[in-house]
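*Asks:* The structure that follows is given in the form of structure tokens.
The values are calculated or read from the model by the stated rules, or taken from the named source; none is laboratory data. Being a predicted model, the structure only gives us computed values, none of them experimental. Using ideal geometry, Cβ is built from the backbone for each residue, glycine included, and neighbour counts are taken over all protein chains shown. Remember, those area values only see protein heavy atoms, side chains included, never the ligands or the DNA or RNA. Shrake-Rupley method; radii C 1.70, N 1.55, O 1.52, S 1.80 Å.
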Amino acid sequence: MRVFLRFNGASASTVPPHRRRPDGPEARHALLTSSPLLSSALGPALLIALSALGVLALDTALWVSVVSEVAAPARWGFVGGLRVGAGRLGALIAGVLNAVIGLGVVAVKLIAGH
């Protein structure tokens with residue numbers, strides 16, 4: 001678990017000024033709060049692995065991963081909007097705004113040639 005925490009910077013952000021390392025519950029908390037950074041790469045990595053095995057074409061795998069990575073923040077925005085009490089319309093607006101931001105990121109990456 002320390003390797004994971006160090007990899008995504010959670011260990012450095014949870015070490016208090018007196019240099020005590022995080023114990024079990026603190027490390028689990030850091031892992032849970034920072035795991036979306038790495039877990040968002042699991043879907044595209046799995047799809048690319050399927051492409052390497054010949055199950056999917058690479059273009060299909062990449063486009064499916066783009067769609068799923070834009071849909072995930074939209075879903076998070078919708079659910080987050082519901083949890084903060086924004087109502088269905090407010091939650092829908094939050095989800096759509098997150099999807100628009102995601103599509104903007106995809107557009108910039110496509111224009112930049114990534």
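*Asks:* Within region 44-61, can you find the residues that are open to solvent by less than 70 Å² (accessible area, probe 1.4 Å), assigned to a helix (DSSP H, G or I) and either touching a residue at least 40 places away in the same chain (Cβ under 8 Å) or not polar (S, T, N, Q) (or both)? Before the answer, list the steps.
*Replies:* Just the residues of region 44-61 that are open to solvent by less than 70 Å² (accessible area, probe 1.4 Å), to begin with: 44-45, 47, 49-51, 54, 56-57, 60-61.
Going one step further and asking which of them are assigned to a helix (DSSP H, G or I), we end up with 44-45, 47, 49-51, 60-61.
Correct list: 44, 45, 47, 49, 50, 61.
*Asks:* Among the residues of region 1-9, are any loosely packed, with under 12 Cβ neighbours inside 10 Å and modelled with pLDDT of 70 or more?
*Replies:* Within region 1-9, the first condition is being loosely packed, with under 12 Cβ neighbours inside 10 Å, and the residues that meet it are 2-3, 6.
In the following step, the residues that additionally are modelled with pLDDT of 70 or more were identified as none.
Taking every residue of region 1-9 in turn, none turns out to be loosely packed, with under 12 Cβ neighbours inside 10 Å and modelled with pLDDT of 70 or more.
*Asks:* While we're looking at this one, here's another question. Tally the residues that are of a type in the set (Val, Ile, Thr) and either open to solvent by less than 40 Å² (accessible area, probe 1.4 Å) or more than 20 Å from residue 109 (Cβ to Cβ) (or both), restricting the search to region 62-81.
*Replies:* Applying the first criterion (of a type in the set (Val, Ile, Thr)) to region 62-81 yields 64, 66-67, 70, 79.
Keeping just the survivors that are either open to solvent by less than 40 Å² (accessible area, probe 1.4 Å) or more than 20 Å from residue 109 (Cβ to Cβ) (or both) gives 70, 79.
So the count comes out to 2.
*Asks:* For residue 19, state whether it is at positive phi and either at pLDDT below 90 or part of a helix (DSSP H, G or I) (or both).
*Replies:* yes
*Asks:* For residue 84, which of the numbered conditions (1) open to solvent by 70 Å² or more (accessible area, probe 1.4 Å); (2) within 26 Å of residue 108 (Cβ to Cβ); (3) not acidic (Asp, Glu) fails to hold?
*Replies:* It is condition (2) that residue 84 fails.
*Asks:* Which count do you get for residues in region 88-114 that are farther than 19 Å from residue 48 by Cα and either of a type in the set (Ser, Thr, Tyr) or touching a helix residue (DSSP H, G or I) at 6+ places or on another chain (Cβ under 8 Å) (or both)? Don't jump to the end; show me each part of the working.
*Replies:* Initially, region 88-114 is screened for residues farther than 19 Å from residue 48 by Cα, giving 88-105, 107-108, 111-112.
Subset that is either of a type in the set (Ser, Thr, Tyr) or touching a helix residue (DSSP H, G or I) at 6+ places or on another chain (Cβ under 8 Å) (or both): 88, 90-99, 101-103.
The qualifying residues number 14.
*Asks:* Using beta carbons and a limit of 6 Å, which pairs, at least six apart or on different chains, have the first residue in region 97-114 and more than 15 Å from residue 63 (Cα to Cα) and the second one part of a helix (DSSP H, G or I)?
*Replies:* 98/73; 98/74; 98/77; 99/70; 99/74
*Asks:* Checking residue 104 against (1) in a helix (DSSP H, G or I); (2) at pLDDT below 90; (3) exposed (fewer than 12 other Cβ atoms within 10 Å of the Cβ); (4) over 15 Å from the mean Cα position of the chain (by Cα), which test does it fail?
*Replies:* (2)
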